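Below is one structure, written out as structure tokens; comments come after it.
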Amino acid sequence: MARKLREMGILVFLISILHLTAPLTGITTGIGEDYVRPAPRKTLSFSWPWSRKHADGPQQVHISLAGEKHMRISWVTDDKSFPSLVEYGTSPGQYTESSDGENLSYSYLFYNSGKIHHVVIGPLEDDTVYYYRCGGQEPEFQFKTPPSKFPLTFAVVGDLGQTDWTASTLSHINDCQYDLHLLPGDLSYADYLQHLWDSFGELIQPYASARPWMVTEGNHEMESIPFIKSPFQSYNARWKMPYVESGSTSNLYYSFEVVGVHVIMLGSYTDYGEYSDQYAWLKADLAKVDRERTPWLLVLLHVPWYNSNWAHQGEGDDMMAVVEPVLYAAGVDILIAGHVHAYERSFLTSTILEQQERVYSGQLDSCGAIHITVGDGGNREGLALRYHHPKPIWSAFREASFGHGELKIVNATHAFWSWHRNDDHESLSSDEVWINSLASAGCLRSGMRDFSKIQIVP
């Protein structure tokens with residue numbers, strides 16, 4: 001039996017290698033939903049799946065919010081004796097505070113990870129640049145905490161991967177002024193090849209060490225092998241999110257708040273049924289939301305519920321049937337997904353003065369959510385080029401192109417969304433729209449919602 005299991009693991013590796021090196025395709029350019037990009041570029045690095053680069057000092061540094069006025073610093077080291085310590089301060093080279101944390105490592109068939117460190121620091125001041133180092137060693141990093149008042153800007157991209165297109169997307173994001181990075185699943189595209197988690201960490205370190213990255217899992221994070229490996233082992237070890245701080249029992253779903261915005265990160269690949277832990281947690285979390293303090297309510301998950309692309313049709317239907325009524329009752333403003341390797345935004349008017357039509361239960365609804373798919377970060381699998389025709393009534397803009405989104409929460413009543421096509425080496429705003437908050441539109445008034453949907457007890 002043990003021999004068969006080992007052989008199964010080797011087979012998984014071979015399939016993954018073939019999948020990783022399969023040729024990618026693309027076609028010429030056009031405009032709008034007819035625009036498609038030339039062939040996706042190569043994956044940036046490749047080596048045997050059980051090997052990893054070795055280096056001195058902290059590697060793969062990234063940060064994430066860890067409760068009010070706190071930040072989690074995560075990194076990897078080869079030296080097993082390296083301390084889980086972060087020193088930090090508001091001046092370069094002057095570390096007035098320090099925090100200790102935890103560490104772990106994991107094995108995946110023939111692969112052994114480095115020592116993975118997670119250290120929470122704080123309390124921190126808002127809108128402040130902090131300088132820090134990990135384990136008492138250089139180099140020095142710096143990050144900026146989110147502001148204490150509007151405006152607040154999110155950079156948004158899904159299905160990132162690690163190709164040249166990924167590098168282009170990250171470079172364009174770096175050119176914009178943003179406070180947090182939101183990623184609705186499919187990070188490294190390691191797909192069983194564990195060294196690609198390491199190369200992904202190296203690729204994003206310049207960006208993820210300077211602004212908090214808040215992520216949720218996608219199908220490419222599962223990496224389960226029957227009888228050998230449970231799903232999400234690598235993801236959970238490397239990307240610890242504030243699930244404990246938000247009352248969740250799983251790293252696969254959690255929430256956080258940042259100046260005037262409550263953000264919920266849901267798991268498309270963990271149980272979401274009416275009697276599941278995730279469903280119970282979601283209702284309890286929504287029941288705590290104070291729309292006076294956080295007038296904006298955002299949800300991110302991996303599999304889109306509204307999708308007019310041929311790719312992944314209907315995969316979100318089961319979750320949508322269970323969860324959408326709860327989110328509608330709570331007055332979710334915007335739902336952001338990935339998975340489909342293209343961009344799509346649901347319908348609403350393009351001015352701040354007119355009635356805005358969103359979507360609920362497949363129909364236009366002025367008190368529904370705006371649905372946005374941004375699974376176009378630059379992954380190695382290429383773009384999803386085919387759309388269904390005619391376009392559904394709820395679909396406002398769709399395009400098969402790599403890019404990223406920017407969501408600027410201007411104040412308690414208005415936000416501005418823009419989507420920026422990579423267009424090779426130039427970032428363009430190809431789609432943009434003003435958004436009114438549901439709170440300001442009167443959709444949360446008593447009697448307009450079935451609030452029984454968000455009572456804690458089913």
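The values are calculated or read from the model by the stated rules, or taken from the named source; none is laboratory data. These figures come from a predicted structure and were not determined experimentally. Here the Cβ positions follow ideal geometry from the backbone for every residue, glycine too, while neighbour counts run over all protein chains shown. Just so you know, the surface numbers come from the protein's heavy atoms only, side chains and all, with ligands and any DNA or RNA stripped out. Shrake-Rupley method; radii C 1.70, N 1.55, O 1.52, S 1.80 Å.
Accessible area per residue for the range 206-323, computed on protein heavy atoms with a 1.4 Å probe, is 35 Å². For a paramagnetic label modelled on residue 140 (point 7 Å from Cα along Cα→Cβ), amide N atoms under 19 Å away belong, within the range 98-127, to 98-99, 122, 125.
Cα-based Rg of the range 124-167 per 2.2 N^0.38 Å, rounded to two decimals?
Details: Rg = 15.1 Å, N = 44, 2.2 N^0.38 = 9.3 Å.
Compared with the compact-globule rule of thumb, the range 124-167 sits at 1.63.
What is the antiparallel percent of DSSP beta bridges lying wholly in the range 241-327, to the nearest 5? For the range 241-327, the DSSP antiparallel bridge percentage is about 50.
Compute the length gained on full extension between residue 227 and residue 290: take 0.36 nm times their separation in residues and subtract their Cα-Cα distance, giving the result in nm to one decimal. Kindly include the intermediate steps, with their values, before the conclusion.
On the way: separation 63, 0.36 × 63 = 22.68 nm, distance 4.42 nm.
Difference between extended and current length: 18.3 nm.
As a calculated quantity, the FRET efficiency between residue 440 and residue 128 at R0 = 41 Å, using C-beta atoms, amounts to about 0.85.
Overall, the range 249-371 carries a charge dipole of about 260 debye about its Cα centre when +1 sits on the Cβ of Lys and Arg and -1 on the Cβ of Asp and Glu, all other atoms neutral. Sorting the segments 97-110, 223-236 by their residues' average number of neighbouring beta-carbon atoms within 10 angstrom, most packed first, yields 223-236, 97-110.
Give, in nm to one decimal, the length gained when the segment between residue 174 and residue 413 is fully stretched (0.36 nm per residue of separation minus the Cα-Cα distance). Mind showing how you got there, number by number?
Values: separation 239, 0.36 × 239 = 86.04 nm, distance 2.69 nm.
Length gained between residue 174 and residue 413: 83.3 nm.
Rounded to the nearest 0.05, what FRET efficiency do residue 257 and residue 277 give with R0 = 22 Å and r taken as the Cβ-Cβ distance? Could you check? Once rounded, the FRET efficiency stands at 0.55. Highest-first packing order for the peptide set 334-341, 383-390 is 334-341, 383-390, based on the mean count of other beta carbon atoms within 10 Å.
With each label modelled as a point 7 angstrom along the Cα→C-beta vector, the residue 388-residue 106 pair spans 3.5 nm. Label positions at residue 55 and residue 91, each projected 7 Å from the Cα along the C-beta direction, are separated by 3.0 nm. Surface composition of the range 156-245: carbon plus sulfur atoms hold 49% of the accessible area, using a 1.4 angstrom probe and ignoring ligands, DNA and RNA.
Between the amide H of residue 135 and those of 85, 86, 87, distances stay under 5 Å, these residues lying 5 or more places away or on another chain, with hydrogens modeled in the peptide plane. Among the GluC sites (Glu not before Pro) in the range 241-310, those placed in a DSSP loop whose Cβ has at most 11 other Cβ atoms within 10 Å are 274, 292.
Over the range 255-301, with every protein chain in place, what whole percent of the accessible area is carbon and sulfur at 1.4 Å, could you tell me? Write out the running numbers ahead of the final one.
Details: 760 of 1680 Å².
Result for the range 255-301: 45 percent of the exposed heavy-atom area is carbon or sulfur.
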